[in-house]
Each structure stands twice: as C-alpha cells, then as structure tokens.
Amino acid sequence: MIRRPETERQKIIDEFLDWLDAHRHNLPVNASTWTFQLVEKRTVAEQELVTLGKYNAQKARSIPFYKPYTKIFKF
Amino acid sequence: MDYLLLYSNCVLVKGANRATICDLQKGDIYPVPKLLADLFQEDRALDLALLKEQVQDETASWLLQLIDTLVASQLAFYCNRQERKRFPALHTEWLFPAHVSHCILDSATGRLDYFTESFIAQLGKLCCNFLQLRFFGTPAITHLEHILRLIKDAQIKSVEILVPWNAAYENAHTYAKWINEYKKISSLICWGAPSTHVVIPGVEAMGYLLYTGEQINTATHCGIINQGLFSTNITTYTESLHFNSCLNRKISIDVQGNIKNCPSMTDSFGHITDTSLSEALNKPGFKRYWHITKDQIAVCKDCEFRHVCTDCRAYLEDPEDACSKPLKCGYDPYTGEWEEWSQHPMKQKAIAYYF
Amino acid sequence: MIAIQSHSDEASTDDVIDWLLYLGADRIKRLNGNVSLNKETLRINNDSGHSSLFGELQAYWYRRGYFTLDIPDTGNPYPAVTTYFEKEYEYYTNGTAHFLSKQHSINSFCDNHTNKITNLVEAARAGLLIPDTLITADVKEIKAFAALYPRIITKAIAHNRIAATIDSDTYINIAVDTAIFDRDMIDALSAEQHFLPAVFQEYLEKKYELRIFYFHGRLYSMAIFSQLNEATRIDFRKHDRETPNRCVPYQLPDDLENKLRSFMQRIAMNSGSIDMVVTPSDDYVFLEVNPVGQLQWLSGNCNYPVEREIAKFLLHDQETGNRTTENHR
C-alpha cells in the first residue's frame, strides 16, 4: 500500500496527542512515559517469504552459511 | 581490581610473532603484541598486581596503555578474584547439527542434470542445507531457473552461485531478476565481468550480487587464503579447534560427476550416476582430512589467524606432506608479512607440480 | 509424534528442528500461529488422554501461537449468545493447552498468563531479592516512594504494547517500556486527579544484567554488559544495533541456582527466561520471567547447547542430555 503523505500522518498523531492530553487523568499514572509511532501495515506477500520445506517455516529472510564455501577468488 | 579479564567470546590466539584477540561476537580481529599476550593466565586473565611487580618503567606504562585500549574497545573488563570464577571460558564444542554442512557442485558445461528432487532429498537426509553451485560454463536461463525453483520450497537454507558473466544476461537484467525472485540466493558471483564491483550489496549476507573481472573457469582456482576470507564467529572458531576448517562436513561433485570431499582433490568415492551421497560419505577415506586441525598444520600452527582462517588440503606447499602449509597462503606468521604467494621462490616447485 | 506449536517465522524452532532431524527424529509436526480446534477432538479419561491434533504424542513443545475456536457469524440478534460461546470455548482452548502441558512437554500456552506481580511475590518467597515495588495511582504514595530512592522507574504490569487502531491497515503503536520516571514527571502529577494505577520500582544500579534460560531444572546464564552502551542502560532489550551489548556465559552461585529452581517450581513453569540484575554491591536482584524468551541471543553468544538439549528432551534422550550439561560446566 502507499504510505500516507507526511501532513496526514502528522494530523493523525496530533489528534492522538490531543486525546491523550484531554484524558491524561483517566489514563495510567505513568502514561507520560509512553512512546508511540504511527504504523502503516505493509502486508508481506506470501511469495515474498522464504519457505523451508520440511521445517514448515516461512521466513522474512533466509540465512547464509557461516564461513566461505570455497576460496576461489580474492575478496 | 585484581584482574583484567577478556570477555569469553573475545579469544586470545597466540602466534609466533604476535597474537590476535578475535572478537567472536562482533566479528573483529585485533592484533596484540606477544609481550602483552604472554601476561594472560589461561589466555584469559591478566593479574594486575603481578604485572606491576614484574614489569618496570616504560614497558609497564606502555602495557597499561594497551590494557586501557582493550577496555575501551570492549574486549576486556576489570574484575576481582570472586567475580573471575563467575565468568567461565567459552564452551568449545562445535555445535552444528549436520552430517554434511555444505555441498559444492561444479559444472563445466552449464548443466547439473542430476540436480532433481530426489537429489535434494539425499541432501536432506544428510541435514545439508547450504549449497554452492559453481558454473565454469554458462547455464541456460531455463536450466538455472529450474534448479532455483527446486531449491525454493526445499529444506535448503541458502545457495551461493558462481556463473560466467554474460553480456546478453546482463542486458536482460537476468542477474538482478534472479536475486529479486529467488530469496535463497546468498550471493551470485559473475566471473569474467568487464569490471569488479558489488552490484547489489544484499542485506545481512543474503541477496548479494557481485561482478568480478577474474577468470574462474576451473576448480584449480580454489584454495586461496587471504584476509578477506577470514570468518570471525563462534561456529568457525569452535570448528577450527576440532576439525579441518575447509574440508570438515563438506561434500562435492566435480565436473565429471565424481563424488569427492573437495572438487580439487583427486580421491573420488563414486560417481553420482551410480552412488548415493550417503554411500560415498561412508566409504573409507572420505573423512580422512576432517580431523586435520590448524594446530597440526605446519606454519599454520604458529599463526595468530589460525582460528578464523579457512584451510586447503588440495594444494600444499609440500605435496608429499598432508600436514603441509596451504600453497596459496602468502602470510608468514614469523615475520607478520603478507606476500603474493605465487611469486614466492619456495612455492615454485609445488606450483609446477599442481598446475 | 513430536509436536511443536510455534510461528512460521520463529528461528529457534528451526534450530531445534535441525537438531531433531540430525538426531534422527522422523515424525515432527509443527503447527504455526493460530490453530483452530473446531475440527479436533480431545479425549480424556483415567487411563490416558488423546488429542486428534497430534495423533500419538511423544512430546510437546509450546513456543508461540495459540488455540482458537472460530465462532461462525450467524447474524445472531442475541449478542449474549455469542459472548457465551466466546467464554465457553475459551475454557476448551485453555483446557487443551493444560492437557498438553501434562504430557512430556516444554512450556504451555497457559504460561503466557504468568503474572509479573505474582512472580515478584513468589520470587521473594523463594528467597530471591526483588526490587522495592509500588503499584498505585495515589500521587502522594508515588511522591513518598520517589523520595526514598535517587531514581525510580516505571513499567507495564503485564502488557507493553497497545495497537491503537486508526483504520484497517493503520494503527498507533504505543510502547509501555521500562522507563525512568523522573522528577519532572512526578512534579507534573496533581494529587487531586484520579489516574489509573501503574507499577513503580526503585532504579537499580547495574554492574551487569543476567539473562538466565531455565529448562526443566537446568540453568544457562548469560551476563549482559548493558552499562557499556547508553541506549540500553534502562532496558537491555532496546538493542543498539551498531554496538551490541557484550554478552558472555555466566556461572551463578549454587545457592542462587537452587533458589531459581525453587522459584520456577513454585510458579509451575518448566521453562522460561529469567531477567536479573547484579548490582555494584554484588546483590543478585530478580526482575521477571518470560515464558517464551529469545533463545538464539543466549545460545549464540555463549555457545550453549540449548537447542540440542531441547531436541534431546523431546526425544526422551535425557541421560545424555544431563551428561552434556555437566560437561560444559
């Protein structure tokens, strides 16, 4: 999906902050330590994931071997 | 404070001329003078009171400065006598659950016709999840994509591919397409390219595309030892303590289809058309090099890089001696100098023997 | 059947399966994410029990994920009926998790319900030191508490993330992390206002922090030198990617190991990751236990055979398991 423009993102955050300020006394007494960020979900398409057959696993990224396989040219 | 203690994943490796501290957590190597290295008890703890007693004047202040650098680099910390026993040395067992850890397949023609689902199942039985495909001839796009599709849903975790650089493939953006589409490619190396450069840097050592100007058209190009090939991590370190750092748990099929420990070696343990990988692996002699550690190899045993380095038993300085130094290593641990191995006068006889 | 409940992208599960395959396990079933019980059957009686989920169960490992019962939307005009279904079947999913926890098993979905407050109480009863802790909304109490210590911190009681939905694909992620509750924040509170309660604790100066993986009586401990990096001084989970904290094997004193074992028995959790602090005066202070903590971080940095030992446990290969554990000490 396409990310919202920055102004619109800021508007959502401002509205949230206003709500937080108006209701501070109805929130937990430590709410001043909360941190937050606006998240726009980007669903990873199934085919983007790496499948490990017999592990029944689907990973965002697979893993490299831990050492050079061969020493065939100079790095 | 009583001691300067090295963090247990920062290991001291002493060589003939100097030592290194290998930071196995962060992957860095720090050379240290032998004088300092020798002060560590059990290669880990430096008794600060003893240091002040034994070393005088300028040497003492120089050493104290070095010690401060070790602390600032987060390689060591100060601790007292009680704390020291709370920080045990790193457990040195090699923890890698595989009968075969990696497999190398060579092709002169650009074809690997035995690479089928049942071949992948054979690898699966050996718990082999890491592959390298080395093409010395250009594979047809359909053929390589067929192989990559087989790998896609298999247990294989990653594959490194070496192919000859081809202008038509480049123009059709084939290499970048492979990297984008087949997420199990750890690196794709195109040799014989017009220039040497990283095309796609990848993320965390996956999806890396490199062009190199070098000509890598036979397995005889293998066996190079240099600093770019060091790997500074716990798995490599612990493996090197107990096993050969190149040949352990390796299986290969050479350009003729012979199943070998390494494609550059002469011993064959059967042909892929009539022998399974497990059969070859269990034949006497297949694993004969697996237990030759760096501590048994001439010159390497005196090298401060021996536990982060690879090895080679296919090309040796003295072809008659199984524990001889790798031919293609230009480092001299007695002087601390790197030289071009192929120019070295001592190596000319062996070069004539192999090539 | 060796049954594993996890997520499809959970790396430690892959690592344990690597060991299971290496050690010769042939029947492994891994369920991922949300597992529906609609089509499953649970049989329990005095002789044995059986769940159709896993057939003949050799061992069970709960790592991640949960059981659900999908309640069809019938356009029901009586919401109380739907509410009844939800409550009713929650007891079924929890009961199934309990049944599995009584097999040869590691963890259970029920462990997710572990309570930090309960655990502090039980840790103290097991003889462990705990930080002075205050749970209140009373501003006067907070001010009096803050006056006792140079600094105080605050953290969540149980849940440290809120996803405040904006629309179907946008939300505000609110993090309730461990944070310093400083003088300005305290001064800003008015005693006349009525807040909701929160947790406050004395701030502990740290020589280093400990992450201890407990697993059926065995303990694997790691020291984290979080003080070296400013970003992680309060909460070591806030990792600084450039300079990761130095993490090394640690050997706990025997009496402390015994107290931790006794604590884990008290809270009836057979595996978990325990967080502790070592203070500059060498006191060991218990902070919390997490039933499904990160494993690769600990085993990878300390070279502990944790994943192999889990695999051996699942294979009922415990004799060798114990021997290996002793060897590495």
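The values are calculated or read from the model by the stated rules, or taken from the named source; none is laboratory data. Computed from a prediction, not measured in an experiment: that's the story for all the values here. Glycine also receives a Cβ, built like all others from the backbone with ideal geometry; neighbour counts cover every protein chain displayed.
Residues that are closer than 30 Å to A:GLN10 by Cα, modelled with pLDDT of 95 or more and in contact with a helix residue (DSSP H, G or I) (Cβ under 9 Å, 6 or more places away or on another chain): list the strands (runs of 3 or more DSSP E) wholly contained in the range C:125-186 that include at least 1 such residues.
The strands (runs of 3 or more DSSP E) meeting that bar are C:152-155, C:179-181.
Inside the range C:247-276, can you point out the residues that are within 14 Å of chain B (Cβ to nearest Cβ) and closer than 23 Å to C:THR133 by Cα?
Across the range C:247-276, the qualifying residues are C:LEU256, C:MET276.
Name the residues in the range B:209-250 that are hydroxyl-bearing (Ser, Thr, Tyr), part of a strand (DSSP E or B) and facing chain A (nearest Cβ under 9 Å), would you?
Residue satisfying the conditions is B:THR212 alone.
Can you name the residue in the range C:78-108 that is polar (S, T, N, Q) and touching a helix residue (DSSP H, G or I) at 6+ places or on another chain (Cβ under 7 Å) and, of all such residues, is farthest from C:ILE44 (Cα to Cα)?
Ranking the qualifying residues of the range C:78-108, first place goes to C:SER108.
Every residue in the range C:189-222 that is of a type in the set (Gly, Ala, Ser) and under 12 Å from C:VAL306 (Cβ atoms), please.
The one that is of a type in the set (Gly, Ala, Ser) and under 12 Å from C:VAL306 (Cβ atoms): C:SER221.
Mind counting the residues in the range C:163-176 that are facing chain A (nearest Cβ under 7 Å) and among the charged types (D, E, K, R)?
1
Just to be sure, is B:LEU12 within 14 Å of chain C (Cβ to nearest Cβ), outside any helix (DSSP H, G or I) and in contact (Cβ under 8 Å) with a residue 24 or more places away in the chain? If you could, list the steps in order and put the result at the bottom.
Values: within 14 Å of chain C (Cβ to nearest Cβ): no; outside any helix (DSSP H, G or I): yes; in contact (Cβ under 8 Å) with a residue 24 or more places away in the chain: yes.
No: the conditions fail for B:LEU12.
In the range C:263-278, which residues are surrounded by 15 or more Cβ atoms within 10 Å (Cβ to Cβ) and either outside any strand (DSSP E or B) or among the aromatic types (Phe, Trp, Tyr) (or both)? Break it down stepwise before answering.
Step one: filter the range C:263-278 for residues surrounded by 15 or more Cβ atoms within 10 Å (Cβ to Cβ), giving C:263-264, C:266-267, C:269-278.
Across the range C:263-278, the qualifying residues are C:PHE263, C:MET264, C:ARG266, C:ILE267, C:MET269, C:ASN270.
Are any of the residues in the range C:210-217 within 13 Å of another protein chain (Cβ to nearest Cβ) and not hydrophobic (A, V, I, L, M, F, W, C)?
no
Looking only at the range B:38-79, which residues are without any contact (Cβ under 8 Å) to a residue 40 or more places away in the chain and among the aliphatic types (A, V, I, L, M)?
Within the range B:38-79, B:LEU39, B:LEU50, B:LEU51, B:VAL55, B:ALA60, B:LEU63, B:LEU64, B:LEU66, B:ALA72 meet the criteria.
In the range B:157-181, how many are touching a Gly at 6+ places or on another chain (Cβ under 9 Å) and of a type in the set (Ser, Thr, Tyr)?
Step one: filter the range B:157-181 for residues touching a Gly at 6+ places or on another chain (Cβ under 9 Å), giving B:163-166, B:179-180.
Then keep just the ones that are of a type in the set (Ser, Thr, Tyr); that gives none.
Count: 0.
Going through the range B:72-82 one residue at a time, which ones are more than 8 Å from every other protein chain (Cβ to nearest Cβ), crowded, with 18+ Cβ neighbours inside 10 Å and not in a strand (DSSP E or B)?
Once the filter is applied, which keeps residues that are more than 8 Å from every other protein chain (Cβ to nearest Cβ), crowded, with 18+ Cβ neighbours inside 10 Å and not in a strand (DSSP E or B), the range B:72-82 yields only B:LEU75.
Taking B:ILE200 and the conditions (1) away from every other protein chain (no Cβ under 13 Å); (2) in contact with a helix residue (DSSP H, G or I) (Cβ under 7 Å, 6 or more places away or on another chain); (3) buried (at least 17 other Cβ atoms within 10 Å of the Cβ), which numbered condition does it fall short on, given that it satisfies the others?
That leaves (3) as the condition not met.
Inspect the range C:281-293 for any residue being β-branched (Val, Ile, Thr), away from every other protein chain (no Cβ under 13 Å), over 16 Å from C:TYR220 (Cβ atoms) and outside any loop (DSSP other than H, G, I, E, B) and give the result as yes or no.
Yes, the conditions are met somewhere in the range C:281-293.
What is the one condition in (1) under 28 Å from C:LYS312 (Cβ atoms); (2) surrounded by 15 or more Cβ atoms within 10 Å (Cβ to Cβ); (3) over 18 Å from the mean Cα position of the chain (by Cα) that C:GLY55 does not satisfy?
(2)
Residue-wise test of (1) away from chain A (no Cβ under 14 Å); (2) farther than 24 Å from B:VAL100 by Cβ.
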| position | (1), (2) |
| --- | --- |
| B:GLU279 | yes, no |
| B:LYS283 | yes, no |
| B:THR293 | yes, no |
| B:ALA298 | yes, yes |
| B:ASP302 | yes, yes |
| B:PHE305 | no, yes |
| B:ALA314 | no, no |
| B:PRO326 | no, no |
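Report whether or not C:SER48 is touching an Asp or Glu at 6+ places or on another chain (Cβ under 8 Å) and loosely packed, with under 14 Cβ neighbours inside 10 Å.
Spelling it out, it is not the case that C:SER48 is touching an Asp or Glu at 6+ places or on another chain (Cβ under 8 Å) and loosely packed, with under 14 Cβ neighbours inside 10 Å.
Taking interchain pairs and intrachain pairs at least six residues apart, which have beta carbon atoms under 7 angstrom, with the first residue in the range A:3-15 and within 13 Å of another protein chain (Cβ to nearest Cβ) and the second basic (Lys, Arg) and in a loop (DSSP other than H, G, I, E, B)?
Between residues of the range A:3-15 that are within 13 Å of another protein chain (Cβ to nearest Cβ) and residues that are basic (Lys, Arg) and in a loop (DSSP other than H, G, I, E, B), there is no close pair.
Yes or no: the range C:66-84 includes at least one residue that is within 26 Å of the chain's Cα centre (by Cα) and part of a helix (DSSP H, G or I).
First pass over the range C:66-84, keeping only residues within 26 Å of the chain's Cα centre (by Cα): C:66-69.
With part of a helix (DSSP H, G or I) added as a condition, the list becomes none.
No, every residue in the range C:66-84 fails to be within 26 Å of the chain's Cα centre (by Cα) and part of a helix (DSSP H, G or I).
Of the numbered conditions (1) within 10 Å of chain C (Cβ to nearest Cβ); (2) exposed (fewer than 14 other Cβ atoms within 10 Å of the Cβ); (3) polar (S, T, N, Q); (4) touching a strand residue (DSSP E or B) at 6+ places or on another chain (Cβ under 7 Å), B:GLN41 satisfies every one except a single condition; which is it?
Result: B:GLN41 fails condition (1) only.
Return yes or no: is A:PHE36 facing another protein chain (nearest Cβ under 7 Å) and over 23 Å from the mean Cα position of the chain (by Cα)?
No: the conditions fail for A:PHE36.
In the range C:36-65, what count of residues is obtained for those that are free of Cβ contacts under 8 Å to residues at least 24 places away in the same chain, assigned to a loop (DSSP other than H, G, I, E, B) and in contact with a strand residue (DSSP E or B) (Cβ under 6 Å, 6 or more places away or on another chain)?
Count: 0.
With respect to B:GLY223, is the statement that it is surrounded by 20 or more Cβ atoms within 10 Å (Cβ to Cβ) and in the same structural domain as B:ILE253 (by the TED database) true?
Judged against the criteria, B:GLY223 is a match.
If a residue has to be exposed (fewer than 13 other Cβ atoms within 10 Å of the Cβ) and under 17 Å from C:LYS102 (Cβ atoms) to count, how many in the range C:26-43 make the cut?
The number of residues fulfilling the criteria is 1.
Please count how many residues of the range C:1-29 are touching a Phe, Trp or Tyr at 6+ places or on another chain (Cβ under 7 Å) and among the charged types (D, E, K, R).
Summing the residues that are touching a Phe, Trp or Tyr at 6+ places or on another chain (Cβ under 7 Å) and among the charged types (D, E, K, R) in the range C:1-29 gives 2.
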